[in-house]
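To keep things clear, I will list the structure first and then write my remarks on it.
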Amino acid sequence: MTMSDKRRPALLSANPYGAGLPLAELLERCGIGIHRYDVRSGRIDWDPLIHRIWGFAKDEPVTYDRWCAAVHPEDRAAVEARVAAALDPQGPGMYEAQYRVRPVDGGPEQWVHATGTVTFEQGQAVRLEGTVQRLHYPSLIEGKLRQSEERALESTHEAAAVYEAAPLGIVLFDTDFRFKRINSRLAMINGLPPEAHYGRAIEEILPPETCAALRAIQPRLLAGEEIGGIEITGWDAVAGAETSWLVAYRPLRDGARHVTGFLGTIIDITERKQAEAREKLLAREVDHRAKNLLSIVQSLATLTRANTIEGYREALGNRLQALARAHALLAHAGWTRVDLGAIVARELEPYAGATPDRCVASGPPVALAPGAAQAFALVLHELATNATKYGALSVAAGRVRIGWTADDEWLTLRWQESGGPTVVPPAGRGFGSRLIEQSVRRSLRGTVHKDWAPSGLVATLSVPTERLLAE
């Protein structure tokens, strides 16, 4: 017996690190079992720990096939390959592997770390001896992996929810512009369910002009270029109206940086385009109104007559004030429509004084466009100015009645003065008369009739209804 043979019982009964514990007990406490495989007979000897790991009864015989059958199917081929390599006389003579065990008694799956050293005799493997250690950290790793997978799945679900709920269209194409994936928003815009797009070319789904535009940029996308800022207009089946979109495309790449497809996004910019159109329209309207206003002011400045500079300044200023009052009403109405009654009330307000019935107006609601409102304001101002200088409003007892009627064809406004000085028809036409005729005939395409009755002037204005809302 060699010295090592003499010491072996002592090693099994005591060890320098285990405080007097037998080595077998110490190994078991550490989760380490000892195995021995007799290659010639095929018999395997295990200690109790390995029996428990594999789910075998304590004295149940173990063979290579029964050992191998309990190894997890996904790990079995790799483990057998390592054992075979260790038993090969030309091999390393040892093996090491980590794998999963499915106990034959139905117990929980376990991870083990196995090692072994082969004894050779006359060039043939006769024994494989080693250890099997139960591992606990793989279960922790698996738990972490499961948590990671759950988080990834949750993130995937969240991403899918965002993908579907995003207020923009999203589409994935292959490199030949065939639909691979599309979200519900864009599918609804196209008027087809998502699954009706998959695998189909753009020519089967989209309008010809859109397809032509996409084919034109296809070489640039294949070259890796990102393309954005494309504005298109078309029919939106969701909104049921013509819609404007901003489209962008970018290439998708694989791990080798090869272009594998294209990602497209489409954003509804209809409101922005409508706002831009409104701004342009407003700019044109402002320009148009400014030119009209300048034309009116120029006409007022040219035709106003007075004997003195002060008289001229006063006459022109009063007419501009009449125009300004009409503009104030229009501005309050957003430069859309203003009621004729409001124009009459605003223009007669400076002349009514404290007497409630000095200026009385009555008539149905009649909407006026800005041009018609300005024309009526100037006409009413001239009539009121003339009445203040020469007619009913020049005396305290004088009265003015304004009434109007309207039907589908004509608006008729009647200005009637009473209680003033006896009226004498004028010898000629002054600026006020010319301005009234110009406003009614040229601006409103209407007529003016004046009756210079001794009891008071009666002026009748007839205007086609269609001219009241003309710009």
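Bear in mind that the values in this text are calculations on the coordinates, not laboratory data. Values in this document were obtained by computation on a predicted structure and should not be read as measured data. Positions of Cβ are backbone-derived with ideal geometry, glycine not excepted, and every protein chain shown enters the neighbour counts.
Tabulated data
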quantity	calculated
Summed side-chain charge close to ILE269 - residues other than ILE269 whose Cβ falls under 11 Å, Lys, Arg +1, Asp, Glu -1	-2
For GLY391, residues with placed amide H under 5 Å, excluding near neighbours	none
The stretch 180-190 - phi-based ³J(HN,Hα) in whole Hz, Karplus 6.51/-1.76/1.60, Gly and Pro as x	9, 7, 8, 7, 4, 4, 6, 4, 5, 4, 6
Local electrostatic count at VAL101 - Lys and Arg +1, Asp and Glu -1, tallied over other residues with Cβ under 13 Å	+2
Distribution of pairwise C-alpha distances over the stretch 31-140, 5 Å bins, in %	2, 13, 23, 27, 20, 10, 4, 1, 0, 0
Phi to ³J(HN,Hα) by Karplus 6.51 cos²θ - 1.76 cosθ + 1.60 over the stretch 257-274, Hz, x for Gly, Pro	6, 7, 6, 10, x, 9, 9, x, 10, 9, 10, 6, 10, 4, 4, 5, 5, 5
Amide H within-cut-off set for GLY33, under 5 Å, with H built and near neighbours excluded	VAL132, GLN133, ARG134
Computed lengthening from ALA85 to ARG253, 0.36 nm per intervening residue step minus Cα-Cα distance	56.3 nm
For ARG178, distant residues with modelled amide H under 5 Å away	none
Cβ crowding within 10 Å averaged over residues, with 384-396, 73-85 ranked highest first	384-396, 73-85
Directionally averaged shadow of the stretch 166-268, computed from the convex hull of its alpha-carbon atoms, nm²	6.2 nm²
Cα convex hull of the stretch 275-467 - mean projected area over all directions, nm²	11.8 nm²
Relative contact order for the stretch 340-390, counting Cα pairs under 8 Å that sit 6 or more residues apart, in percent	51 percent
